[in-house]
Amino acid sequence: MKFSTALSIAAFAASFALPTPAMAQSLSSGDYEQCSVYDRDGDFSGYDSVCLERKRTQISRLRERQSRYNPPVPTRSIYCPQIANLGAGYLTTWWSNGGLPPYASAYDAPVNGRPCVPNQVRILRGVP
């Protein structure tokens, strides 16, 4: 009884280590066509496993790059509010979702800040 329990636990753990069918389904029919292998008579004999693995790796790299992509900052100018360092804005910001904020000279908040245009109000001397 102990051996069968250990065997079932090992099989269950191995099922997570092996590629799942969902990963195999991410390839398109064109990918399979590019990786298909034919014999000398022109009959289909199967798929090249190295080619299919290369295609899966390319797709996973593309999805990883797309997840890290930050869209460009909108072109409309947003002035930094007065509460953001007296209108000068904050030098850096941190996004709580772990993404990198777009490069900008100032942000309107230290956490989850949006790029803004510094609009510092200068304090002038009063009239004598």
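Put 125, 56, 63 in order of accessible area, highest first, and with a 1.4 Å probe you get 125, 63, 56. A Förster distance of 25 Å, applied to the separation of the beta-carbon atoms of residue 51 and residue 100, puts the FRET efficiency at 0.15. Using the Cβ of residue 47 as centre and a radius below 11 Å, the other residues enclosed give a net charge of -3, where K and R count +1 and D and E count -1. With every protein chain present, what accessible area does residue 91 have (1.4 Å probe, heavy atoms only), rounded to the nearest 10 Å²? Approximately 140 Å² for this residue.
Peptide packing: for 101-114, 33-46, the average count of neighbouring Cβ atoms within 10 Å per residue gives the ranking 101-114, 33-46, highest mean first.
The values are calculated or read from the model by the stated rules, or taken from the named source; none is laboratory data. Note that the coordinates shown come from a computational prediction; the quantities given were computed from them, not determined experimentally. Neighbour counts run over all protein chains shown; Cβ positions are idealised from the backbone, glycine included. Accessible surface is based on the protein model in full, side chains and every heavy atom, while ligands, DNA and RNA are left aside. Shrake-Rupley method; radii C 1.70, N 1.55, O 1.52, S 1.80 Å.
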